[in-house]
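Structure record follows, encoded as structure tokens.
The values are calculated or read from the model by the stated rules, or taken from the named source; none is laboratory data. Since this is a predicted model, take the numbers as computed values, not measurements. Here the Cβ positions follow ideal geometry from the backbone for every residue, glycine too, while neighbour counts run over all protein chains shown.
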Amino acid sequence: MTIEQQKFLHLAVVKCIPYSEIEQELGISRKIFSPWWNELKEERLELTKIRVIWKSKCPELSYEDFSHWYQNTDKKCFYCDLTEAEMQILWEKDPALTKRTRGRVLEIDRVSPNKDYYDFTNLVFACYWCNNAKTDTFTGEEFKKVGRVFAEIWKERLK
């Protein structure tokens with residue numbers, strides 16, 4: 001992906017700027033960058049996913065800082081070590097794991113429930129089950145003990 005394409009995606013997806021303004025910002029004709037929307041579909045969808053999470057959880061942070069944290073943090077539950085790939089296997093084995101719509105992807109949790117989402121040292125990935133059970137009652141270190149029990153259960157179910 002070229003630098004111009006990266007800038008285009010950032011303006012179009014992250015900043016949600018109209019094409020007329022993107023033309024001016026990039027100094028490139030719309031005829032040149034319009035096809036990039038479909039050509040860069042995979043990259044665009046990934047940016048969109050990150051943008052949605054950023055807007056809902058951490059809008060106080062800059063997108064760049066949040067995106068860097070999101071892309072560079074291990075994608076496994078902080079408490080039980082369950083990965084998204086393992087979550088998908090569990091769902092394939094038992095589609096009725098939960099009646100809720102949550103649980104298919106890792107969620108963002110605050111290790112210390114009384115601190116805000118804009119403190120990166122307080123953010124971790126958590127599976128639905130750990131995040132749901134932890135609530136705002138336990139600290140991250142307290143809940144890691146429970147996470148170890150969950151980890152044993154997941155290992156058995158993944159066999």
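Within region 59-82, track down each residue that is surrounded by 17 or more Cβ atoms within 10 Å (Cβ to Cβ) and either within 13 Å of VAL14 (Cβ to Cβ) or free of Cβ contacts under 8 Å to residues at least 60 places away in the same chain (or both).
LEU61, TYR63, PHE66, SER67, TYR70, LYS76
Is it the case, given these coordinates, that ASP109 is within 24 Å of ILE153 (Cα to Cα) and either surrounded by 13 or more Cβ atoms within 10 Å (Cβ to Cβ) or hydrophobic (A, V, I, L, M, F, W, C) (or both)?
yes
Which residue is nearest to the chain's Cα centre (by Cα), if the candidates are limited to region 43-75 and must be among the hydroxyl-bearing types (Ser, Thr, Tyr) and part of a helix (DSSP H, G or I)?
The selected residue is TYR70.
Exactly one condition in (1) farther than 28 Å from VAL124 by Cβ; (2) part of a loop (DSSP other than H, G, I, E, B); (3) of a type in the set (Phe, Trp, Tyr) is not met by PHE78; state its number.
(1)
What's the total number of residues in region 90-116 that are closer than 24 Å to TRP69 by Cβ, assigned to a loop (DSSP other than H, G, I, E, B) and not hydrophobic (A, V, I, L, M, F, W, C)?
Summing the residues that are closer than 24 Å to TRP69 by Cβ, assigned to a loop (DSSP other than H, G, I, E, B) and not hydrophobic (A, V, I, L, M, F, W, C) in region 90-116 gives 8.
Quick check on my filter: what residues within region 117-143 are of a type in the set (Val, Ile, Thr) and not in a loop (DSSP other than H, G, I, E, B)?
Within region 117-143, THR121, VAL124 meet the criteria.
Inspect region 15-35 for any residue being surrounded by 15 or more Cβ atoms within 10 Å (Cβ to Cβ), among the basic types (Lys, Arg) and assigned to a helix (DSSP H, G or I) and give the result as yes or no.
no
Is one or more of the residues making up region 78-100 modelled with pLDDT of 95 or more, touching a Gly at 6+ places or on another chain (Cβ under 9 Å) and within 21 Å of SER56 (Cα to Cα)?
Yes, region 78-100 contains at least one residue that is modelled with pLDDT of 95 or more, touching a Gly at 6+ places or on another chain (Cβ under 9 Å) and within 21 Å of SER56 (Cα to Cα).
Let me spell it out: the conditions are (1) β-branched (Val, Ile, Thr); (2) free of Cβ contacts under 8 Å to residues at least 12 places away in the same chain; (3) touching a Phe, Trp or Tyr at 6+ places or on another chain (Cβ under 6 Å), and ILE17 meets all of them except one. Which number is the exception?
Every condition holds for ILE17 apart from (3).
Return yes when GLY147 is at pLDDT 95 or above and under 28 Å from PHE66 (Cα atoms) and no when it is not.
yes
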